[in-house]
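Peer 1: Submitted below is the structure of interest, expressed as structure tokens.
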Amino acid sequence: MRIKTSQAKTGQMLVQDVFSMTNQPIVNKNTRLNNEHLRVLTRFQINEIDVLNESASGVNTTRQVKDSLNNRSDARISEEQIHTQTPEKEELSFPALYMQTVKRYKQLFTNWQSGSPVDMLEVRQSVLPVLEKGSSVPKEILLLHHYATSADYMYHHSIAVGILSTFLAKKLNFSSGDCIQIGLAGVLSDCGMAKVQPTLLKKSGSLTTAEFDEVKKHTIQGYNMLKKIPSIKEGVLLGVLQHHERTDGSGYPLKVKGNKLHPFSKVLAVADVYLAMTAERPYRSKQSPFKVLEMMMKDQFGKFDHQVMQAMIAGLSTLSVGSRVRLTNYDIGEIVFIEESQPTRPMIKLETNGDIIALKNRNDIFIEELLS
């Protein structure tokens, strides 16, 4: 929606690049505004901006569905049935649906911190729509790092892990039922953080060894929060427990490795690390998705399941000749050639001067975002 810059508030998301007298935007689309952004917009005398209307058509029907289901005598209803019984409503854009889901998850997490048990019916109703919608659109997944703020990182991370895990599960040809279970495991992977001291979750600097040891207990805490719920599948439990384990045995909490890792946990491990590295954190700026993919291929070799990593690279390297991209140095260009062996490092023709650069020869530049 179009608003006056003077009415803009911190936390709102831009849906269009903002230009002034320059070829490059002074503030990029998909940016969540902070005080510095607002000062820049005022300084450049930008009178109006386009921001995401997160409340538009956002009528939440999950309570209606829950009431309907609670009136049935059969309480053992699958997540597939819940999904098909959701009433039709005006369809939200993916960003609006995503932000709505993050807000709902934050409420659930706060309840868990207060001692409330995990209500799986409520979790499913809250997250299934965004898992379904987001997991089928690779370009939307590549934009997830734009939406998160460092203050609400944990809530964004949980929903994003659920979306990416569902996407990877589909790429790996898991059954539709398992794709849903893997997505739910992704959403719940950090539910145990609700039992960690809140001061540690909000700490802006690096954790001490003792503090990190405390945080690492969240995998066991999450497992314990979920294990007594009758409808929880074993794969979800093990996914939550093992998502920080590594195939070479270097992870935690039990240093399980290789074939002893549940297939769900192998998917969650890749999604979790990718999203943690691309997100804005209290102690670190976000990184380019394509740079992170390369780092995971090189620096993390041997720590992740090879098939999951291949699905990740094939699924997110949704590049094609003719696509417009923005680079990390803010140049915009068009992909003119892609080497199959290096899908994240194509040849780019720059819009400014027509020069062609081969990213495989420029280790200082990465693709920041797909534009079209």
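Peer 1: Name all residues of region 290-309 having a backbone nitrogen under 19 Å from the label point set 7 Å from the Cα of ASN329 along its Cα→Cβ direction, giving them as ranges.
Peer 2: Only 290-292 pass the distance filter.
Peer 1: How many Å² of accessible area per residue for the chain, probe 1.4 Å? Write out the running numbers ahead of the final one.
Peer 2: Values: 17880 Å² over 372 residues.
Accessible area per residue, the chain: 48 Å².
Peer 1: Then there's this: Looking at region 89-136, which GluC sites (Glu not before Pro) are in a loop (DSSP not H, G, I, E or B) and have at most 11 other Cβ atoms within 10 Å?
Peer 2: Values: sites: GLU90, GLU91, GLU122, GLU132; in loops: GLU90, GLU91.
Loop-located and lightly packed - GLU90, GLU91.
Peer 1: Follow-up. In whole percent, what relative contact order does the chain give with Cα contacts below 8 Å and a gap of six or more residues? It would help to have the intermediate numbers written out before the result.
Peer 2: On the way: 585 pairs, mean separation 42.2, N = 372.
Dividing the mean separation by the residue count of the chain yields 11 percent.
Peer 1: Mind running the shape call on region 314-372? Use the C-alpha gyration tensor, a ≥ b ≥ c as the square roots of the eigenvalues: rounded below 1.5 for a/c, prolate if a/b tops b/c, oblate otherwise.
Peer 2: Numbers: a/c = 1.42, a/b = 1.28, b/c = 1.11.
Rounded.
Peer 1: Per-residue ellipticity at 222 nm for the chain, helices alone: DSSP H runs ≥ 4 residues times -39500 (n - 2.57), over residue total, nearest 500 deg cm²/dmol?
Peer 2: The helix-only estimate for the chain comes to -13500 deg cm²/dmol at 222 nm.
Peer 1: For a label point 7 Å from the Cα of LYS257 along Cα→C-beta, name the residues of region 298-331 whose backbone N is under 13 Å from it.
Peer 2: Only 302-304 pass the distance filter.
Peer 1: Give, rounded to the nearest 20 debye, the magnitude of the charge dipole that region 123-188 has about its Cα centre when Lys and Arg contribute +1 at Cβ and Asp and Glu contribute -1 at Cβ. Each step should come with its number before you reach the end.
Peer 2: Working: 5 positive and 4 negative charges, 29 e Å.
For this selection, approximately 140 debye.
Peer 1: To the nearest 20 debye, what is the magnitude of the charge dipole of the chain about its Cα centre, counting +1 on the Cβ of each Lys and Arg and -1 on the Cβ of each Asp and Glu? Provide the component values of the computation, followed by the final result.
Peer 2: Working: 45 positive and 39 negative charges, 159 e Å.
With only Lys, Arg, Asp and Glu charged at Cβ, the dipole is about 760 debye.
Peer 1: Let me know the shape class of region 109-173, please: from the alpha-carbon gyration tensor, a ≥ b ≥ c as square roots of the eigenvalues, rounded when a/c is under 1.5, otherwise prolate if a/b is greater than b/c, or oblate.
Peer 2: Details: a/c = 2.70, a/b = 1.39, b/c = 1.93.
It is oblate, given that a/c is not under 1.5 and a/b is not larger than b/c.
Peer 1: Something else now. Taking a threshold of 26 Å on the Cα-Cα distance, which of the pairs LYS133/LYS266; LYS195/LYS255; LYS4/LYS286; LYS233/LYS255; LYS266/LYS349 fall above it?
Peer 2: Details: LYS133/LYS266 23 Å; LYS195/LYS255 22 Å; LYS4/LYS286 28 Å; LYS233/LYS255 22 Å; LYS266/LYS349 37 Å.
LYS4/LYS286; LYS266/LYS349, as the Cα separations exceed 26 Å there.
Peer 1: Something else: How many angstrom separate the Cα center of region 197-236 from the Cα center of region 148-185?
Peer 2: Centre-to-centre (Cα) distance: 18 Å.
Peer 1: Can you give me the % of accessible surface on the chain that is carbon or sulfur? Probe 1.4 Å, all protein chains present, nothing else counted. Spell out each step's value before the answer.
Peer 2: On the way: 8750 of 17880 Å².
Reported share for carbon and sulfur atoms: 49 percent.
Peer 1: In addition: Using a/c under 1.5 as the rounded threshold, could you call region 180-257 rounded, prolate or oblate? The axes a ≥ b ≥ c are square roots of the C-alpha gyration tensor eigenvalues, and prolate needs a/b larger than b/c, oblate otherwise. Intermediate values should be presented prior to the final figure.
Peer 2: Values: a/c = 2.23, a/b = 1.41, b/c = 1.59.
Oblate, since a/c reaches 1.5 and b/c is not below a/b.
Peer 1: Consider just the alpha-carbon atoms of region 279-357 and return their Rg together with their Dmax, both in angstrom.
Peer 2: Rg then Dmax for region 279-357, in Å: 14.2, 42.
Peer 1: Something else about it: For the chain, divide the Cα radius of gyration by the Kirkwood radius and give the resulting Rg/Rh value with two decimals. Walk me through the intermediate numbers first.
Peer 2: Values: Rg = 21.2 Å, Rh = 21.8 Å.
Value, to two decimals: 0.97.
The values are calculated or read from the model by the stated rules, or taken from the named source; none is laboratory data. All of these numbers come straight from a predicted model, not from anything done at the bench. Note that we place each Cβ from the backbone using ideal geometry, even for glycine, and neighbour counts take in every protein chain shown. Heads up: the accessible areas ignore ligands, DNA and RNA and are worked out on the full protein's heavy atoms, side chains in. Shrake-Rupley method; radii C 1.70, N 1.55, O 1.52, S 1.80 Å.
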